[in-house]
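The values are calculated or read from the model by the stated rules, or taken from the named source; none is laboratory data. Only a predicted model underlies this, so the values are computations on that prediction, with no experimental measurement involved. Positions of Cβ are backbone-derived with ideal geometry, glycine not excepted, and every protein chain shown enters the neighbour counts.
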Ligand code: ATP
Ligand code: ZN
């Protein structure tokens, strides 16, 4: 019988990928990339690496195409709230990198005085479920407009009055005449896993990996 291998999905390139490769490296795992650049292989443990777009990672893990994955909590929670999967992936642990915030931002000239100011306004975002959940918590009724990218230009184009977007330094908002006015969601990279029980063999690989990750995270405290 072929040896069982644990399949981990990580972002191919982008804001999560350096941190993900670095974490694996700190765990003593060197990822050699295949020629097709979709698969990577680890020598030191029976682990295969799949290189994907971050948005595809929660579904790949939920559908068992991968056993585990590294993804932004923002993307994972958005997927959970939109209930696209009957048995969604589960969060295992926070990984302490790719920290960012989903923030409500308004034009600088708007004398913003709290969530109630958003009543009946239009908010552009790539995270409609997280934004709607926040509006509901705040008890405000506003219209949420879905945009896949360049959300920060929406107010200038009069597509929306405000935006709800991922912010790390705030420079992009500032360059677009916007200011952050409220935090909707705090995010960092997380490890997720398929919700089904692993085989004993896979569980052993998983446990060994988690032990190494915990060791790496502890050494950073
Ligand atoms: P892909 O091509 O894989 O779909 P992407 O453009 O959707 O990539 P990135 O911009 O690489 O995604 O961001 C991936 C994740 O990194 C975000 O979902 C978020 O969790 C995290 N992140 C950290 N800092 C930032 C930031 N300043 N802007 C956007 N995302 C950030
Ligand atoms: Zn993406």
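Among the residues of the range 1-38, the one identified as in a loop (DSSP other than H, G, I, E, B), closer than 15 Å to residue 213 by Cα and touching a strand residue (DSSP E or B) at 6+ places or on another chain (Cβ under 6 Å) is 29. In the set 167, 145, 163, which member is at pLDDT below 95 and in contact with a helix residue (DSSP H, G or I) (Cβ under 9 Å, 6 or more places away or on another chain)? Of 167, 145, 163, the one residue that is at pLDDT below 95 and in contact with a helix residue (DSSP H, G or I) (Cβ under 9 Å, 6 or more places away or on another chain) is 167. Does residue 41 fit the bill of being at pLDDT below 95, part of a strand (DSSP E or B), farther than 30 Å from residue 162 by Cα and out of contact with any helix residue (DSSP H, G or I) (no Cβ under 9 Å at 6 or more places or on another chain)? Judged against the criteria, residue 41 is a match. Selection within the range 44-59: residues that are surrounded by fewer than 19 Cβ atoms within 10 Å (Cβ to Cβ) and assigned to a helix (DSSP H, G or I). The member of this set that is farthest from ligand 2 (Cβ to nearest atom) is 59. Being touching a strand residue (DSSP E or B) at 6+ places or on another chain (Cβ under 9 Å) and either assigned to a helix (DSSP H, G or I) or surrounded by fewer than 16 Cβ atoms within 10 Å (Cβ to Cβ) (or both) is not true of residue 87. What do you reckon, is residue 82 in contact with a strand residue (DSSP E or B) (Cβ under 9 Å, 6 or more places away or on another chain) and at pLDDT below 95? Taking the combined requirement at face value, the residue does not satisfy it.
Considering only residues in the range 1-13 that are within 15 Å of ligand 1 (Cβ to nearest atom) and at pLDDT 95 or above, the one that is nearest to residue 193 (Cα to Cα) turns out to be 9. What residue, among those in the range 74-88 that are within 16 Å of ligand 2 (Cβ to nearest atom), in contact (Cβ under 8 Å) with a residue 60 or more places away in the chain and within 22 Å of residue 196 (Cβ to Cβ), is farthest from the chain's Cα centre (by Cα)? Among those that are within 16 Å of ligand 2 (Cβ to nearest atom), in contact (Cβ under 8 Å) with a residue 60 or more places away in the chain and within 22 Å of residue 196 (Cβ to Cβ), it is 77. Those strands (runs of 3 or more DSSP E) of the range 108-189 in which 3 or more residues are exposed (fewer than 13 other Cβ atoms within 10 Å of the Cβ) are absent.
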